[in-house]
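Trainee: This is the structure I have questions about; it appears just below.
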Amino acid sequence: MSNSTDMVDADPRVRRHAVNKARILEEAWKLAGRDGVAGISLGDLAKAVGLRQPSLYTYFRSKSDLYDAMFAEGNRRLLAEVTERKYPEDPREAVLVFAKTMVTFCAADTARYHLLFQRHIPTFEPSRESYDLAELFYDWYRALLKRAGIRRDADLAVLTALIGGLADQQVANDPGGDRWIRLADDVADMFLERLEQKGGFGR
């Protein structure tokens, strides 16, 4: 039985559609970087890819559909970033590496950070399929912390807030720099030390 990949390879129209869709997504990210993720203009996007605006609907049914594709792509990149990285054998040292990796990832693309982790588009809700990718990331994240002895949801939430706060500061106050990225190790280490003092591991 052939799969969707076989169809793309076999049918030049399907392949061309996929290539054009990827190019539109690439240009959408460029516009998001210039104008903010909520400021993407479909008119500007159509001009950037050499299409009339109504032709965009051949690839994306609506602006929300475009955001959904961007959300999915952003989460695929996030998954690749965290899962393909080499981590120390010590699980707690791995948490430090993860924290720094996350702040670095967020700071690398402000528009992507806003779409994945903040509600800069209040009316946008990702599809179930796209949100499943985000949940894959959180499942992986929980497993990483569990290996380090961190099992309580409240502790996961605290570390998430700490990483998010560093990312916010980096994006807002030192774009293109690394002031808060460099603090990620210390902040995660303080979190782990405090948790250990409270006897919070493995509970």
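The values are calculated or read from the model by the stated rules, or taken from the named source; none is laboratory data. Bear in mind the structure is a predicted one, so any value in this text is a computation, not a measurement. Counting neighbours? That spans all protein chains shown, and the Cβs are built from the backbone with ideal geometry, glycine included.
Trainee: Looking at R179, R194, can you tell me which residue is in a helix (DSSP H, G or I) and assigned by TED's automatic domain parsing to the domain that holds V95?
Mentor: Values: R179 fails: in a helix (DSSP H, G or I).
The match here is R194.
Trainee: For G39, work out the one condition from (1) within 18 Å of the chain's Cα centre (by Cα); (2) closer than 23 Å to F117 by Cβ it doesn't fulfil.
Mentor: All conditions pass for G39, except number (1).
Trainee: Would you mind stating whether F137 is more than 30 Å from G199 (Cβ to Cβ) and either touching a helix residue (DSSP H, G or I) at 6+ places or on another chain (Cβ under 6 Å) or outside the structural domain of L192 (by TED's automatic domain parsing) (or both)?
Mentor: Details: more than 30 Å from G199 (Cβ to Cβ): no; either touching a helix residue (DSSP H, G or I) at 6+ places or on another chain (Cβ under 6 Å) or outside the structural domain of L192 (by TED's automatic domain parsing) (or both): yes.
No; evaluated as a whole, the condition is false for this residue.
Trainee: For region 165-203: of the residues being among the small types (G, A, S) and surrounded by 19 or more Cβ atoms within 10 Å (Cβ to Cβ), which is farthest from the chain's Cα centre (by Cα)?
Mentor: Here is the first cut: in region 165-203, the ones among the small types (G, A, S) are 165, 167, 172, 176-177, 184, 188, 199-200, 202.
Filter once more, so that each one left must be surrounded by 19 or more Cβ atoms within 10 Å (Cβ to Cβ): 167, 184, 188.
Details: A167: 12, A184: 18, A188: 20 Å.
Out of the qualifying residues, it is A188.
Trainee: Mind listing whichever residues of region 114-135 are modelled with pLDDT under 95 and of a type in the set (K, R)?
Mentor: R119
Trainee: Given the criteria assigned to a helix (DSSP H, G or I), aromatic (F, W, Y), at pLDDT 95 or above and farther than 21 Å from A108 by Cβ, does Y138 qualify? Before the answer, list the steps.
Mentor: Numbers: assigned to a helix (DSSP H, G or I): yes; aromatic (F, W, Y): yes; at pLDDT 95 or above: yes; farther than 21 Å from A108 by Cβ: no.
Judged against the criteria, Y138 is not a match.
Trainee: Another question, if that's okay. Among the residues of region 143-164, is there at least one that is at pLDDT 95 or above, assigned by TED's automatic domain parsing to the domain that holds Y87 and touching a Cys at 6+ places or on another chain (Cβ under 9 Å)?
Mentor: yes
Trainee: Within the bounds of region 150-157, is there any residue that is of a type outside the set (S, T, N, Q), surrounded by 14 or more Cβ atoms within 10 Å (Cβ to Cβ) and in a helix (DSSP H, G or I)?
Mentor: Keep residues of region 150-157 that are of a type outside the set (S, T, N, Q), which gives 150-157.
Then drop every residue that is not surrounded by 14 or more Cβ atoms within 10 Å (Cβ to Cβ), which leaves 150-152, 155-156.
With the extra rule that they be in a helix (DSSP H, G or I), the set shrinks to 155-156.
Yes: region 150-157 contains one or more residues that are of a type outside the set (S, T, N, Q), surrounded by 14 or more Cβ atoms within 10 Å (Cβ to Cβ) and in a helix (DSSP H, G or I).
Trainee: Go through V95, V49, V37 for me and flag whichever is among the β-branched types (V, I, T), within 29 Å of R15 (Cβ to Cβ) and crowded, with 21+ Cβ neighbours inside 10 Å. Talk me through it step by step, then tell me what you get.
Mentor: Numbers: V95 fails: within 29 Å of R15 (Cβ to Cβ); V49 fails: crowded, with 21+ Cβ neighbours inside 10 Å.
Checking each option against the conditions leaves just V37.
Trainee: Starting from region 123-140, keep only residues that are exposed (fewer than 11 other Cβ atoms within 10 Å of the Cβ), then list their pairs with residues that are part of a helix (DSSP H, G or I) whose Cβ atoms are within a distance under 8 Å, requiring at least 6 positions of separation or different chains.
Mentor: Listed pairs, sorted by first residue: T123/S64; E129/A72.
Trainee: For A32, indicate whether it is farther than 17 Å from G74 by Cα and either touching a helix residue (DSSP H, G or I) at 6+ places or on another chain (Cβ under 6 Å) or at pLDDT 95 or above (or both). Outline the logic, then answer.
Mentor: Values: farther than 17 Å from G74 by Cα: no; either touching a helix residue (DSSP H, G or I) at 6+ places or on another chain (Cβ under 6 Å) or at pLDDT 95 or above (or both): yes.
So A32 does not fit the description; no.
Trainee: Hand me the list of helices (runs of 4 or more DSSP H) wholly inside region 2-108 holding 3 or more residues that are in contact (Cβ under 8 Å) with a residue 60 or more places away in the chain and not assigned by TED's automatic domain parsing to the domain that holds R119.
Mentor: On the way: elements: 4-10, 12-35, 42-48, 53-56, 63-83, 91-108.
Here the list reads 12-35.
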